[in-house]
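The structure under discussion appears below in the form of structure tokens.
Every number here is computed from the coordinates shown, using simple stated rules; none is lab data. Predicted, not measured: the structure shown is a model, and the values here were computed from it. Heads up, the Cβs are rebuilt from the backbone with ideal geometry, glycines too, and the neighbour counts pull from every protein chain shown.
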Amino acid sequence: MERNQELNTHFSPADHSAVPAPQASKRAGSSVGRRTFLRGAGTAAGVIGLGMSSHAFAGAQVGSSVGSSRPLFTPMEGGSSNDPHGGKVDNTPTQSGGTGIVPVDDYPMCAELPFAHGVASGDPLTDRVIIWTRVTLAQRDPNGTPGANMPGEEPEITWKVATDPGMSSVVKQGSQRALAQHDWTIKVDVTGLEPGTTYYYQFTHEGTRSMVGRTRTAAGHGVDQVRMAVLSCSSYWSAYWGGLGHLAKRNDVDLVVHLGDYIYDFIDKDEMVRFRAGAGANRLDHPDNRDWKNLDEVRRRYALHHSDANWVRCHQQHPWTILWDNHDIDPFDGNELTIPDVAIPHTCTLMDTMRAFWEWTPSRPVLADGSGRWLLIDDGSYPVPEDPSLVYRRVDYGDLVSVIGLDAQQGIPKYDDVRGELHKPRTDHLPAGKPSLMGTTQYNYLIDNLQNAQDTGVVWKTIAQQTFFTAVDIPDIVEGSPGSELIKFGLSRWVKYPAEKKLLVDYLRANISNTVMISGDAHGSLGADLLSASAMSNPYVSGVMGVNQRPGAQPGNLNAGAVRTTTGNRKGKNNRWFSAGVEFAPTSMGRGGADDQIGGLLRVGSPAVIAATRAAEQALMGLNFPVQYFEWADHGYGLIHYTRESATFEYWFQNKFDPNSRDVLAHQMIAWAKEDTSHEVPRYPHQMDAVTLHGLPVQATVGTRTSEPAPDAVLQPR
């Protein structure tokens, strides 16, 4: 999440070659960030008496944007070896200080060459899945950037897919050349697979094999259970990612969904838990620690993440669907920490950051028409996006779950200068003058896919997007009252788009059953009913506030979060009928929440930080009736267990300072698919409650479909 501004945008296809590299500081602008929010949260706590202190891609198809004769992209030649400012060794004196230059053999990696960044799979369909790796040869270009292979190298990589981890029962195989224009990444859309089936895959170069990866295709019609892990905000420097290690050991997960801030562009000034090992890697001007300057340094940041053993293992064992957020694609030059001068020009563009995303993630592109439909590649060639700016897409698991991914990042005005005025998103779906975060094309994509899922009998419609949707803020007296958006804390960027929020929620309430919004970005855990605003005028009554009786993972986090201790409903009376669905927002995979923000502001130790965090949680829950659970000190991941009767939501925490942290189930909630008033506590859909309020024990769910893990590989982060 951005500190002092929100950097989010969705734009129509553009002639990006005409847009110069941005020079503005990332910290320019005037929207409310998380630090400001925390100060506001402190005020709110005081109010209620809780005492809180204050280029486009090479090889991309060239076409025209809709309704325009302007070209979509101008293909660029070559790869990272052609960039003279990628952090390579040159004649700059090392004693000049703060140059940011590193030796050509200084490149983050983890596994054995040439597949030193592991393997990954993603965006599974019933009959296909993307598999991925990156090829790093032993002999690299002495005149190129770190990680660049020798000029002209186009190594041929063979791949195989089998039904067993020993790779003896091969069902698909082929080959692809690793090219500089794709940063020597390999991506294959493997076709002809069976639904709901576990497969294993491996890459080979001149007899050297990669580690074996495990993946699973999406289940088809009639599936009775789907298990989905939910992640966001995975900052390399902020945590040891023990949660990824625990998640990698699970053998019953169908899909890992990452909601954005998959990588980070700079270090949070209140937290530096670790640096990469190696000479000079603890320097703040080292390219692994400061904001990126160019395309090659964006690529290097992905390599840094792929140098972590837990990261590599979690990608090895599960298919992922990945969205981006501001830290993934922000092209602006800026850091929170004071960085020595770096003798490298800033040339990074928005298309550079998007290009690196598609190169370094196992993500399948979509068509350029804005429909969100897949670009399907059947011949084994590299899947180059037609329009790299389009990331929203849908993954289905039969008639049980549809995951409809959004881009709630590209509608923020901050990007207007780098995308061009002609390519601002249309807002036809809103009254004149009302701002849109999604734009009309994406809004229509969302509504069309929600309605399609509803009409075809899909039980759970899951909207995957980047940031808290539920208002965790100062409530309106009357929803949408003039000027109400001006007095908000601003934890979520959605606060600036009240008309669009209301339009969507009203549509959900009238037309769509069992909507689950999954969200990230705020670095805290949230469980809530889905309303467009916290307004005192809303016909909605929630339960009584209390504290969670279960501990978190951080030392001293004994009562992990604020909870509702009653449902607010009673026999024959559904007091929460106004809810249009539920929102599940697990905490960050390390990036700090109130723990690092309050600790940084108050300069106090863990007990005082947790006490202050508890006060903030209670204050915010007291102000916002739809919030059913809020925890803002711990970190980890979420897990959803979908069945035809219910969706169970689990908050799993790990102590981010401990590489061997336990995996702690801190809280568990449930939403019901159908109304059932025969129970002592009635069960209503579109509501989210602690499982204990329905007489159920807090007990980790277990999947009925398990598979043998891919074999362990020797990993040596370096």
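Miscellaneous remarks
- Note on residue 373 and residue 251: the model spin-label points, each 7 Å out from Cα along the C-beta direction, lie 4.1 nm apart.
- Label-to-label distance, nm, for residues given as residue 113 and residue 143 (7 Å Cα→Cβ offset): 2.0 nm
- Hydrodynamic analysis of the range 179-236 uses the Kirkwood radius over alpha carbon pairs. Inserted into Stokes-Einstein at 25 °C and 0.890 mPa s, it gives a translational diffusion coefficient of 164 µm²/s.
- For a straight C-alpha distance cut-off of 12 angstrom, the aspartates and glutamates reachable from residue 424 (same-chain residues fewer than eight places away being disregarded) are 416.
- Kirkwood-based Rg to Rh ratio, the range 245-284, C-alpha trace: 1.11
- Sorted from greatest to least, the principal axis extents spanned by the alpha carbons of the range 258-332 come out as 34, 27, 26 Å.
- From most to least packed by mean Cβ count within 10 Å, the peptides 519-529, 664-674 give 519-529, 664-674.
- Residues residue 277 and residue 170, FRET efficiency given R0 of 35 Å [Cβ-Cβ distance, rounded to 0.05]: 0.40
- Expressed as a whole percent, the proportion of Cα-Cα pairs in the range 582-718 lying more than 17 Å apart is 70%.
- Compactness index (Cα Rg / 2.2 N^0.38 Å), the range 567-640: 1.38
- Within a straight-line Cα-Cα reach of under 13 Å, residue 501 can be paired with the following aspartates and glutamates, leaving aside sequence neighbours fewer than 8 residues apart in one chain: 479, 485.
- Peptides ranked, highest mean first, by Cβ atoms within 10 Å: ranges 386-396, 624-634: 624-634, 386-396
- Computed from the C-beta positions of residue 506 and residue 191 and an R0 of 35 Å, the FRET efficiency is 0.30 to the nearest 0.05.
- Of the residues 577, 324, 159, the one with the fewest other Cβ atoms within 10 Å heads the list, and the complete ranking is 577, 159, 324.
- FRET E, pair residue 127, residue 206, Förster distance 30 Å, beta-carbon r, rounded to 0.05: 0.45
- Sequence ranges 101-107, 275-281, ranked by mean other-Cβ count within 10 angstrom, highest first: 101-107, 275-281
- Between residue 432 and residue 716, the contour length at 0.36 nm per residue exceeds the Cα-Cα span by 96.6 nm.
- Both the radius of gyration and Dmax for the range 520-674 are 15.8, 51 Å, in that order, over alpha-carbon atoms.
- Counting 0.36 nm for each residue step from residue 608 to residue 678 and taking away their Cα separation leaves a gain of 20.7 nm.
- Cross-linked pairs 187/674; 187/656; 434/573; 293/414; 434/461: Cα-Cα separations exceed 30 Å for 187/674; 187/656; 434/573.
- Calculated on alpha-carbon atoms, Rg and Dmax of the range 534-590 in Å: 14.9, 43
- Length gained on full extension, residue 708 to residue 566: 47.0 nm, using 0.36 nm per residue less the C-alpha separation.
- Kirkwood estimate for the range 314-413, i.e. one over the average of 1/r between Cα atoms, Å: 15.9 Å
- Computed over every Cα-Cα pair of the range 138-237 and binned at 10 Å starting from 0, the pair-distance distribution P(r) comes out as 12, 32, 30, 21, 4, 1 percent.
- Straight-line cross-link reach from residue 249 at under 16 Å between alpha-carbon atoms covers these aspartates and glutamates, not counting any fewer than eight positions away in the same chain: 308, 663, 708, 712.
- Value of D in µm² per second that Stokes-Einstein yields for the range 334-479, Kirkwood Rh from Cα pairs, at 10 °C (1.306 mPa s): 88 µm²/s
- Alpha-carbon Rg/Rh ratio, for the range 491-569, with Rh computed the Kirkwood way: 1.01
- Its Cα gyration tensor gives the range 99-145 an equivalent ellipsoid, and the semi-axes of that ellipsoid, as √(5λ) in whole Å with the largest first, are 30, 11, 9.
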